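A quick write-up on the structure given underneath.
Where a number appears in this text, it was derived from the coordinates with a stated rule and is not lab data. Source: prediction; values computed, not measured. Here the Cβ is made from the backbone with ideal geometry for all residues, glycine too, and neighbour counts use every protein chain on show.
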Amino acid sequence: MQVSIHGRTLELTQGDITDQKVDAIVNAANSHLAGGGGVDGAIHRRGGPTIMAETMRRYPEGCPTGSAVITSAGSLSARYVIHAVAPVWKGGQKGESGLLDSAFRRSFELASAHNCGQIALPALGCGVYGYPIDQASRIALGTAKRILEADPTIELVRFVLFGEGAYGAFAAALEELAA
Ligand code: AR6
């Protein structure tokens, strides 16, 4: 499913983020940049050890929740990996929505600053961190729409969803947004 925004593309696909042939892929990292399961595990497995070596060298203090940092992409076919840190879901009253929005926004800003026209992202926060996907999908797509309207560097934003449930939630949110 895709929509055009100012001649640029916002797209949803079901699949594995590590298969994406785009300029930058976004990792669902933790604030220690310590690696883990889910997207993070898959990216470091497929990308090889140079990615972790670079995060440790360049970002020894980690990355705050709601922000992101960028590295090269090791043996992945992307040029860059953007490591974004979503909030842990604590019921919705602890600033989670603002932090999720800024994790996405910062990822887009880094992609643009590194001249990445195409960016692929997972459903940040919606796995181990427990963010409800119907709410997260609206935030993710709203942030993506704003960047596509405002920043001509970004030509393609692709959300890569793992499984039908995640895809369905994003598809419903995209229909709402496009209506
Ligand atoms: N490609 C695309 N989506 C995926 C993939 C994949 N290969 N694998 C999982 N997903 P998560 P979080 C989906 O847990 O919630 C890690 O341990 C998954 O189904 O990767 O932000 C980190 O080190 C879900 O919808 O990220 C952190 O400690 C979404 O991607 C913590 O988990 C995000 O799930 C971050 O948790």
Report summary line: Taking region 36-121, the whole-percent share of alpha-carbon pairs separated by over 16 angstrom is 56
Requested in this report: Could you run the Karplus curve 6.51 cos²θ - 1.76 cosθ + 1.60 with θ = phi - 60° over region 35-48 and give me ³J(HN,Hα) per residue in whole Hz, x for Gly and Pro?
Outcome: x, x, x, x, 4, 4, x, 5, 5, 5, 5, 6, x, x
Query - Cα-based convex hull, region 9-82, per residue volume (Å³, whole number) - result: 92
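What number results when the radius of gyration of the chain, computed over Cα atoms, is divided by 2.2 N^0.38 Å? Don't skip to the answer; put the middle values down first.
On the way: Rg = 14.7 Å, N = 179, 2.2 N^0.38 = 15.8 Å.
The chain yields a ratio of 0.93.
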Requested in this report: Return the inverse of the average 1/r over all pairs of distinct C-alpha atoms in region 86-179, which is the Kirkwood hydrodynamic radius, in Å to one decimal.
Outcome: 13.5
Query raised in the report: Short version: ³J(HN,Hα) in whole Hz for each residue of region 98-106, in order, from phi by Karplus 6.51 cos²θ - 1.76 cosθ + 1.60 (θ = phi - 60°), x for Gly and Pro, what are they?
Result: x, 5, 5, 4, 6, 5, 5, 4, 5
Query - Approximate spin-label separation H32-R79, in nm, with each point projected 7 Å along Cα-to-Cβ - result: 3.3
Query raised in the report: Mind ordering 146-153, 70-77 by average Cβ neighbours within 10 Å, highest first?
Result: 70-77, 146-153
Query raised in the report: Quick one: length gained pulling A179 to K94 fully straight, 0.36 nm per residue minus the C-alpha distance?
Result: 27.6 nm
